[in-house]
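The values are calculated or read from the model by the stated rules, or taken from the named source; none is laboratory data. Predicted model, so just to flag it, every value in this text is computed and none were measured. Cβ: placed from backbone, ideal geometry, glycine included. Neighbour counts: every protein chain shown. The area values use the complete protein model at the heavy-atom level, side chains included, leaving out ligands, DNA and RNA. Shrake-Rupley method; radii C 1.70, N 1.55, O 1.52, S 1.80 Å.
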Amino acid sequence: MLKIFNTLTKKKEIFIPICEKIINIYVCGITVYDHCHIGHARTFTIFDMIIKYLRYCKYKVQYIRNITDIDDKIIKSAKLNNENIDLLTNRMIKSMNQDFLNLGLINPDFQPKVTNHIQDIISIINKLINKNYAYISKNGDVVFSISHCKNYGELSKQKINKLKFKNFIDYNNKICKNDFVLWKKLDQLDLPNWNSPWGIGRPGWHIECSAINHNFFGKNVDIHGGGVDLLFPHHENERAQSMCFYNVKNYGKYWIHVGSLLVNNKKMSKSLKNTVFLKNLLKLYNSEVIRYFFLLTHYRKPLLYNIKNLNSAYQSLRKLYIIINKIDNNVILNKKFYIKYQYFCTNFFNALHDDFNTPQAISILFSLLKKIKNLFNKDKKKIAIQLIYQLKYLANIIGLLNQDPNFFLKK
Ligand SMILES: [Zn+2]
């Protein structure tokens, strides 16, 4: 039985899809104002592993990763570069796709851009206003009223009166200081902008994910994911909008959040100038080393990035590749041996079924490696080689040992 830790209930729950055998997964994607960094790489590698594993378990998965191509950061960055917004976002989308391809990630089934869903956004906001969940503030922005949403704060476990977060508009324009913007009113000269029933403007951040999810998946989504930094306010607000829009008490069956990534024990930030860009890292390390490094830590835990940890991941993965290199195609596989050593497989799958516990799964690959070495020492080459095939088979499930060992070991 597959168990997933649900941020909403803070418990490991047995995974039961909304619709049997088809799983809808929505992961909040990149805001394309700069190149992807290692934090993005971790989040999307984890979902890549999860989706690969679910597909291995014979689930049909529909995976959406949106692209935020309209946002304050994009506008600021375009101004700073003296670059047209479309040119900037297209350049960054191209860079992201190339980086993720080089990292070996599967493509999402859909990669919708927010600017292609403005009409969906407008129609959701319209309905929220009609249902009294949203109002037009004094400055003309359309704002979501969190006090009208009964379950607000449930996902990130917060009480409304203790909420702390940055506001996009002046408190005076809102009924409650924590109400958030759904539609930002703009002057005609502020670009980009779109027409709406409330005048010229552009969408706020959170509404895009409600609109895109509605458009592709309808009333609910099996797995909603993202980095833990998105839990509040982004996911709390998205859940609130969708619950109010559909008139339901819950939205998103399982919420999965990937832990933070610290660079030399510090949060990555522009001011600290410690951002590690994925494309630079891919020039120095084999993509599978980066993937392996991520999978060595449980996805919910914070990950400490530094060169020493990455190098030791390389050395550790190298040990597996050295043994893979001993595969001898002349050895005929015998089913009997698989049955005898079946417990390695059972333990491996138990680890992954337990909230995708990849560090545990990798430790089983190493006990298998130990067994293989023992068999070689005892001159039982044929059995050892059979087990190397098993090692490779298991590692492949989480996207490891996919490369030609000669290629990997040469680098
Ligand atoms: Zn989102």
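Across bins of 10 angstrom width beginning at 0, how are the C-alpha pair distances of the chain distributed, in whole percent?
Over the chain, the share of Cα pairs per 10 Å bin runs 4, 20, 28, 24, 13, 7, 3, 1, 0 percent.
Just reorder Met268, Met92 by solvent-accessible area, largest first, 1.4 Å probe, all chains present.
Ranked from most to least accessible, the order is Met268, Met92.
With all protein chains present, how much of the accessible area of the chain (probe radius 1.4 Å) comes from carbon and sulfur, to the nearest whole percent? Present the calculation step by step, with values, prior to reporting the outcome.
Numbers: 10200 of 19700 Å².
Ligands and nucleic acids excluded, carbon and sulfur give 52 percent.
How large is the accessible surface per residue of the chain, computed with a 1.4 Å probe and reported in Å² as a whole number? Don't skip to the end; give the middle numbers.
Values: 19700 Å² over 411 residues.
In whole numbers, the chain has 48 Å² accessible per residue.
Put a dot 7 Å past each Cα toward the Cβ at Tyr389 and Asp72; how far apart are the dots in nm?
Here the modelled spin labels are 5.9 nm apart.
What's the extension gain from Ile332 to Asn374 if we count 0.36 nm per residue and subtract their Cα-Cα distance?
13.1 nm is the gain from fully extending Ile332 to Asn374.
Please list, or write none, the aspartates and glutamates whose alpha carbon is within less than 14 Å of the alpha carbon of Lys162, excluding same-chain residues fewer than 8 places away.
Partners found: Glu154, Asp179.
Only bridges with both residues in the chain count here: give the DSSP antiparallel percent, nearest 5. All intermediate terms of the calculation are to be shown ahead of the outcome.
Working: 18 of 39 bridges.
If I count the DSSP bridges inside the chain, around 45 percent turn out antiparallel.
For the chain, which span is the longest to avoid every loop-located (per DSSP) member of GluC sites (Glu not before Pro) having at most 13 other Cβ atoms inside 10 Å?
84-411
Show the residues, 5+ positions off or on another chain, whose built amide H is closer than 5 Å to the amide H of Leu155.
Under 5 Å from the amide H of Leu155 lies no amide H from a residue far enough along the sequence or on another chain.
Near Lys382, which lysines are there with a Cα under 24 Å away, not counting those fewer than 8 places off in the same chain?
Partners within reach: Lys319, Lys326, Lys335, Lys336, Lys340, Lys370, Lys371, Lys373, Lys392.
Just to check I understand the Karplus step: with θ = phi - 60° and J = 6.51 cos²θ - 1.76 cosθ + 1.60, what whole-Hz values come out for segment 251-268, glycine and proline as x?
Calculated HN-Hα couplings, in order: 9, x, 6, 10, 9, 10, 10, 8, x, 6, 10, 10, 9, 6, 6, 10, 5, 6 Hz.
Per-residue HN-Hα couplings for segment 283-295, Karplus 6.51 cos²θ - 1.76 cosθ + 1.60 at θ = phi - 60°, whole Hz, x for Gly and Pro?
Karplus-based 3J(HN,Hα) across segment 283-295 equals 6, 9, 10, 4, 4, 6, 5, 5, 4, 4, 4, 5, 6 Hz.
Please list, in chain and number order, the residues 5+ apart from Val61 or on another chain whose amide H is under 5 Å from its amide H, with Hs placed from the backbone.
Amide H neighbours of Val61: Ile23.
Mind listing the phi-derived Karplus ³J(HN,Hα) values for segment 313-319, rounded to whole Hz, using 6.51, -1.76 and 1.60 with θ = phi - 60°, and x for any glycine or proline?
Values per residue, Gly and Pro as x: 5, 4, 4, 5, 5, 4, 4 Hz.
For the modelled label position 7 Å from the Cα of Asn132 along Cα-to-Cβ, which residues of segment 234-258 have backbone nitrogen atoms closer than 17 Å?
Under cut-off, by backbone N: 244-248.
Among Gly225, Ala240, Leu284, flag the residue with its Cα farthest along the positive direction of the charge dipole of segment 212-286, charges on Cβ as +1 for Lys/Arg and -1 for Asp/Glu.
It is Leu284.
Given H placed 1.01 Å from N in the peptide plane, which residues other than close sequence neighbours of Gly225 have an amide H under 5 Å from its amide H?
For Gly225, whose amide H was placed from the backbone, the distant partners under 5 Å are Tyr26, Val27, Cys28, Ile256.
Build a GNM of the chain with springs between Cα atoms under 10 Å: which of Phe293, Phe366, Phe47 gets the top mean-square fluctuation?
Phe366
Can you tell me the dipole magnitude for the chain around its Cα centre, using point charges on the Cβ only (Lys, Arg +1; Asp, Glu -1), in Debye to the nearest 20?
Result for the chain is approximately 1860 debye, rounded to the nearest 20.
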